[in-house]
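Asker: Below is a structure I'd like to ask you about.
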Amino acid sequence: MQKKFTSFKELGLVNSREMFAQAVKGGYAIPAYNFNNLEQLQAIVMACAETKSPVILQVSKGARQYANQTLLRHLAAGAVEYAAELGASIPIVLHLDHGDSFELCKDCIETGFSSVMIDGSHLSYEENVKLTRQVVEYAHQHDVTVEGELGVLAGIEDDVHAAQHTYTEPDQVEDFVKKTGVDSLAIAIGTSHGAFKFKPGEDHEIRLDILAEIERRIPGFPIVLHGASSVPQELVQMINAHGGKLKDAVGISEDQLRLAAHSAVCKINIDSDGRLAMTAAVRKVFDEKPEEFDPRKYLGPARDALKKLYIHKIMNVLGSNGKA
Ligand code: G3H
Ligand code: 13P
Ligand code: ZN
């Protein structure tokens, strides 16, 4: 079957350009929440509609494989209508998280994504510039915005030096932004993906000094923070109290994220905290009501827990409430 080009505009979505301009000016950050299923999407839309926050719905390559990209696109389009039904016409971006090839970015652009990330952070600087530029040239023809990345986060992003961050080099950012034409830049300042961001005894601080230096080099340019989950300890304890085994799970302090959100950071990526909230709620139901087998009876509480978490992030960390 011949694939039809679907512009994000047909789906009622927006790109991130205006959203970021407002966020940089207003000193807040837009939530970028990952979703893979209906309950996660419902929780995101409910939380953002209730707080009148703009939102970036993020889809990873893994999410596309898990949930089917056609279904995800229709869910995102449905989210626009659903938010309106909830009484809030909030701007919604559908964003590819960690795109790893031109072909994947192109496919997303052709099927309704309004924003893509091309993550060339593992490549040499020259190769990263070349690949990112190629994606930007195609994306901008369709008014789709592009996030690039400089520097490597420790953890799953860095197979070779798994424990080591390669911080973004402030000397490179101006040249990268100019040569690639990207709309936003993800940087590495000590955050990392997943629920185990620091080893016991390790310094938990992120390098806000590098962020400040980057901001000085490219004033007003939208900066993105990946790996920004806080790993709330009450969720970790709840998971462990109901049979889970998460040892030494730790994240980024919300105080530091608040400071980052006030600066040029205008997109903060949160996935793991949502996974923890859902897991804690599901485990609690299974532990306390072993006779329960209706998925709505455990996915419902998981959705409620997610919504609460997302509202907390918006109101108390990102400051995007009332900005829709
Ligand atoms: O950056 C990673 C995101 O948390 C998405 O994770 O690739 O397991 O869907 P995933
Ligand atoms: P966390 O694993 O810290 O939630 O980061 C998510 C992320 O960066 C998605 O791209
Ligand atoms: Zn990420």
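The values are calculated or read from the model by the stated rules, or taken from the named source; none is laboratory data. Model, not experiment: these values are computed from the prediction. Reconstructed Cβ throughout: ideal geometry from the backbone, glycine too, with neighbour counts over all protein chains shown.
Asker: Restricting to the stretch 35-89, name every residue that is crowded, with 21+ Cβ neighbours inside 10 Å, of a type in the set (A, V, I, L, M, F, W, C) and not in a helix (DSSP H, G or I).
Answerer: Across the stretch 35-89, the qualifying residues are 35, 55, 56, 57, 59.
Asker: Right, here's the next one. Residue 132 is checked against (1) touching a residue at least 60 places away in the same chain (Cβ under 8 Å); (2) more than 16 Å from ligand 2 (Cβ to nearest atom); (3) outside any loop (DSSP other than H, G, I, E, B) and fails just one. What number does that condition carry?
Answerer: Failing condition for residue 132: (1).
Asker: Within the set of pairs 6 or more residues apart or between chains, which connect a residue that is under 25 Å from residue 196 (Cβ atoms) and at pLDDT below 95 inside the stretch 141-155 to a residue that is among the polar types (S, T, N, Q) and crowded, with 24+ Cβ neighbours inside 10 Å with Cβ atoms less than 8 Å apart?
Answerer: 153/191; 153/192; 154/192; 155/192
Asker: Could you check the stretch 194-226 and list, in sequence order, the residues that are touching a Leu at 6+ places or on another chain (Cβ under 9 Å), more than 16 Å from ligand 2 (Cβ to nearest atom) and assigned to a loop (DSSP other than H, G, I, E, B)?
Answerer: The answer is 218, 221.
Asker: Checking residue 179 against (1) touching a Lys or Arg at 6+ places or on another chain (Cβ under 8 Å); (2) in a loop (DSSP other than H, G, I, E, B): exactly one of these is not met. Which one?
Answerer: (2)
Asker: Now a separate question. Considering the stretch 49-72 alone, what residues qualify as being more than 16 Å from ligand 3 (Cβ to nearest atom), farther than 17 Å from residue 11 by Cβ and of a type outside the set (S, T, N, Q)?
Answerer: As a first pass, look at the stretch 49-72 and keep what is more than 16 Å from ligand 3 (Cβ to nearest atom): 49-55, 65-72.
Still in the running and farther than 17 Å from residue 11 by Cβ: 49-53, 65-66.
Passing the criteria: 49, 50, 52, 66.
Asker: With 94, 104 as the choices, which residue is on the phi < 0 side of the Ramachandran plot, outside any helix (DSSP H, G or I), touching a residue at least 24 places away in the same chain (Cβ under 8 Å) and within 16 Å of ligand 2 (Cβ to nearest atom)? It would help to see each step written out before you state the result.
Answerer: Values: 104 fails: outside any helix (DSSP H, G or I).
None of the others qualify; the one that does is 94.
Asker: Restricting attention to the stretch 247-286, report how many residues are touching a residue at least 12 places away in the same chain (Cβ under 8 Å), away from ligand 1 (no atom under 16 Å from the Cβ) and not in a helix (DSSP H, G or I).
Answerer: Selection size over the stretch 247-286: 7.
Asker: Further question: Considering only residues that are basic (Lys, Arg) and more than 16 Å from ligand 3 (Cβ to nearest atom), which ones fall in the stretch 257-288? Outline the logic, then answer.
Answerer: Within the stretch 257-288, the subset basic (Lys, Arg) is 258, 267, 275, 283-284.
Scanning the stretch 257-288 gives 258, 283, 284.
Asker: May I pose another question? Within the stretch 191-229, track down each residue that is farther than 21 Å from residue 96 by Cβ, touching an Asp or Glu at 6+ places or on another chain (Cβ under 8 Å) and at pLDDT 95 or above.
Answerer: If the condition is that a residue be farther than 21 Å from residue 96 by Cβ, touching an Asp or Glu at 6+ places or on another chain (Cβ under 8 Å) and at pLDDT 95 or above, then 196, 217, 218 are the ones that fit.
Asker: Would you check which residues across the stretch 287-324 are within 15 Å of the chain's Cα centre (by Cα) and outside any helix (DSSP H, G or I) and list them?
Answerer: 320
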